[in-house]
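In what follows, a structure is listed as structure tokens, so that the remarks can point back to it.
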Amino acid sequence: MNKTTYIPCFKKKYSTDDFGTIQIRITTNRKSKYETLGEKIKEKYWNPEKKEVRKNHPEQERLNTLLETTINELKQINNVPETEIISDEKVSFIQFFKEQLEYLLIRKRLGSYKSQKTGYYHINNYLSSKGKPDLMFEEITPLLIRDFETYLKGKEVLNNSCIKYIKTFKSVYNQGVKLGIYQQKSDPFVLIKNKYSPVEKKTLKRIDIEKIFKTTFKEKDPLYNIKNYFLFQIFAQGIRVSDLLTLRWGNIKDGEINFYQLKTKSQHRIPFNDIIVLKIADYLPNRGLDVINFKFNFNVLDKNYSMTFKEIEDKYENIRSGNIQKFIEGDEEFMKELENWFEVLNKHKELLVIRLILRIVEHSKSNLKKFIFPILDDEIFKDVDFTSEKYTLSKYQFNQMSSKTTVYNKYLKKLQEKCEIDVVLTSHLARHSYTSLMIESTDKDIYTISKSLGHANISTTQHYISEFLDERVFKENDKLNKTFKNIF
């Protein structure tokens, strides 16, 4: 009889990664396979000698208990005699799928729950169209999978969505086989080719972003905040909407924003710049107007002034735009005045931003647990520590984040109309647009772009930006072609 061993281990996708997943290596007759716990931790928290999570990890007790429990479950599954396996004819795939969804809810793997529930919905609709109240494991054949795919396409479900739902189907089916619920005779998914259709990544041009800046709204108009959120997303290094929602004042430290990204659970930092400082300042008490309306005292060409920054900006703009002829002629007296006011403008812009940063830091110290942007309810999320690499959300909290994101995206469509922009605005478009701007300004420096986006691996960035480069390749080819003159 072959002996099976169950060894806890830590696996990284790439050797340069800081994070990895906790897995169990199952070895039988010198052949190994891996069972993942679906838990991600930093490498420093894994003890390779004891093969367990170190005690300095905030959730070491839960994770080590989960390891032990999972190993015991796997031992029970692998030790079930063949006669104890449920008869193929009696095993309901639909019932097993329901149990899997319940399992994901209990484990608070809400993203996976939401994704798989959509797949469950489509499979049930398919069965209803066939007049079938249930589906047994043994009925899942290559012919049925092909028929399910045909059904989806008949409902005009896009190719990539079809692939997603079939992959969900396959994942749940394989889980049933893995758990010994059903003995697979052949692979029913053998005919399916998971070839995704390329998706064009839309981005905003500089002129589009300038339109958003120039379009103004009254403070009570919902689009006032929507505009702030979207511009913050772009200039906070394309921050994801999930991180925009969950940023707290406590994430502001040493003139930058430090936080754990919700999607990757990896730490990320965004240094302050003028634009994001102004956007955050809008959510200070009284919108930071006591700082913004501060009057600076200064001297220009032997004349004393006391002005707010806005007044300085208006003064410079009036001089510049009101004397175009003198500018064209290069009038020395005019050019000297313009240069002086330009210097004053830049100096006091810098001073204003410094004063705002100081006020932001001061405010953050007494509001650590409050969200920066008034999107989520502080009370509902008071028990969630987003500064930890590992935390869980209740189903209600998860649904709150999903619904707020949906509302945000609806208002972005209205912002698009008001700003007269052709590209459809979405929360993720901010990330695409930031990436596009970075490609232009850094001459496609992948390392810089990767760090800015908070990607854990360079390869992720390479894949992410490859689609943005197609248009530039076409333009460069066109330039090359036009260098050849006598072609006719």
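Roughly speaking, what % of Cα-Cα pairs in segment 156-282 are separated by over 26 Å, rounded to a whole number?
Roughly 52 percent, once rounded to a whole number.
Among the trypsin sites (Lys or Arg not before Pro) within segment 284-315, which fall in a DSSP loop and have no more than 13 other Cβ atoms within 10 Å of their own Cβ?
Lys295
Can you give the extra length, in nm with one decimal, that the chain gains between Leu37 and Asn159 once fully stretched, where that is 0.36 nm per residue apart less the Cα-Cα distance?
Additional length available on full extension: 40.9 nm.
Pop out the ³J(HN,Hα) list for segment 156-168 in order, Karplus 6.51 cos²θ - 1.76 cosθ + 1.60 with θ = phi - 60°, rounded to Hz; leave Gly and Pro as x.
6, 6, 4, 3, 5, 5, 4, 4, 4, 5, 5, 5, 5
May I ask you to derive the FRET efficiency for Asn297 and Asp274 from their Cβ-Cβ distance with R0 = 25 Å, giving the value to the nearest 0.05?
Efficiency for this residue pair is about 0.65.
Please provide three numbers in whole Å: the alpha-carbon extents of the chain along the principal axes, with the largest listed first.
99, 71, 43
Collect residues whose amide H, placed 1.01 Å from N in the peptide plane, falls under 5 Å from the amide H of Lys108; neighbours closer than 5 in sequence don't count.
For Lys108, no residues qualify.
How large is ³J(HN,Hα) for each residue in segment 44-61, as worked out from phi by the Karplus curve 6.51 cos²θ - 1.76 cosθ + 1.60 (θ = phi - 60°), to whole Hz, x for Gly and Pro?
With the stated coefficients, segment 44-61 comes to 5, 8, 9, 9, x, 6, 7, 6, 7, 6, 5, 5, 7, 7, x, 10, 4, 5 Hz.
How long is segment 323-377 along each principal axis, judged by its Cα atoms, biggest number first, in Å?
The principal-axis extents, from largest down, are 58, 22, 8 Å.
Please go through the residue pairs Lys40/Lys117; Lys347/Lys414; Lys33/Lys98; Lys117/Lys170; Lys263/Lys418 and name each one whose alpha carbons sit more than 25 Å apart in this structure.
Table pairs above 25 Å Cα-Cα are Lys347/Lys414; Lys33/Lys98; Lys263/Lys418.
Skip the ligands, DNA and RNA, and give the accessible area per residue of the chain with a 1.4 Å probe, whole Å².
Per residue, the chain has 59 Å² of solvent-accessible surface.
Around Arg248, which amide H atoms from residues at least 5 apart in sequence, or from another chain, sit under 5 Å from its own amide H, with H modelled in the peptide plane?
Residues meeting the criterion, in which the H sits 1.01 Å from N, are Ile372.
Please give me, ordered by residue number, the GluC sites (Glu not before Pro) of segment 167-236 that lie in loop per DSSP and have at most 13 other Cβ atoms within 10 Å.
Sparse-neighbourhood loop GluC sites (Glu not before Pro): Glu200, Glu219.
If you plug each phi of segment 213-228 into the Karplus form 6.51 cos²θ - 1.76 cosθ + 1.60 with θ = phi - 60°, what whole-Hz ³J(HN,Hα) values come out, in order, with x for Gly and Pro?
Values, residue by residue: 4, 7, 7, 9, 9, 5, 4, 7, 6, x, 5, 4, 6, 4, 4, 4 Hz.
Using alpha carbon coordinates only, what is the Rg to Rh ratio of segment 226-370, with Rh defined as the Kirkwood radius?
So for segment 226-370, dividing Rg by the Kirkwood Rh gives 1.10.
Based on a Kirkwood Rh over C-alpha pairs, give the Stokes-Einstein translational diffusion coefficient of segment 100-141 at 20 °C and viscosity 1.002 mPa s in µm²/s.
Rounded, D is 187 µm²/s.
Could you work out the percent of alpha carbon pairs in segment 346-428 separated by over 18 Å, rounded to a whole number?
In whole percent, the share of Cα-Cα pairs in segment 346-428 beyond 18 Å is 64.
Measuring from label point to label point, each 7 Å out along Cα→Cβ, what is the Asn56 to Ile106 span in nm?
3.5 nm
The values are calculated or read from the model by the stated rules, or taken from the named source; none is laboratory data. Because the structure is predicted, anything quoted here is derived from the model rather than measured. Because the Cβ atoms are built from the backbone with ideal geometry, glycine has one as well, and the counts that use them run over all protein chains shown. SASA here: full protein model, heavy atoms, side chains in, ligands and nucleic acids out. Shrake-Rupley method; radii C 1.70, N 1.55, O 1.52, S 1.80 Å.
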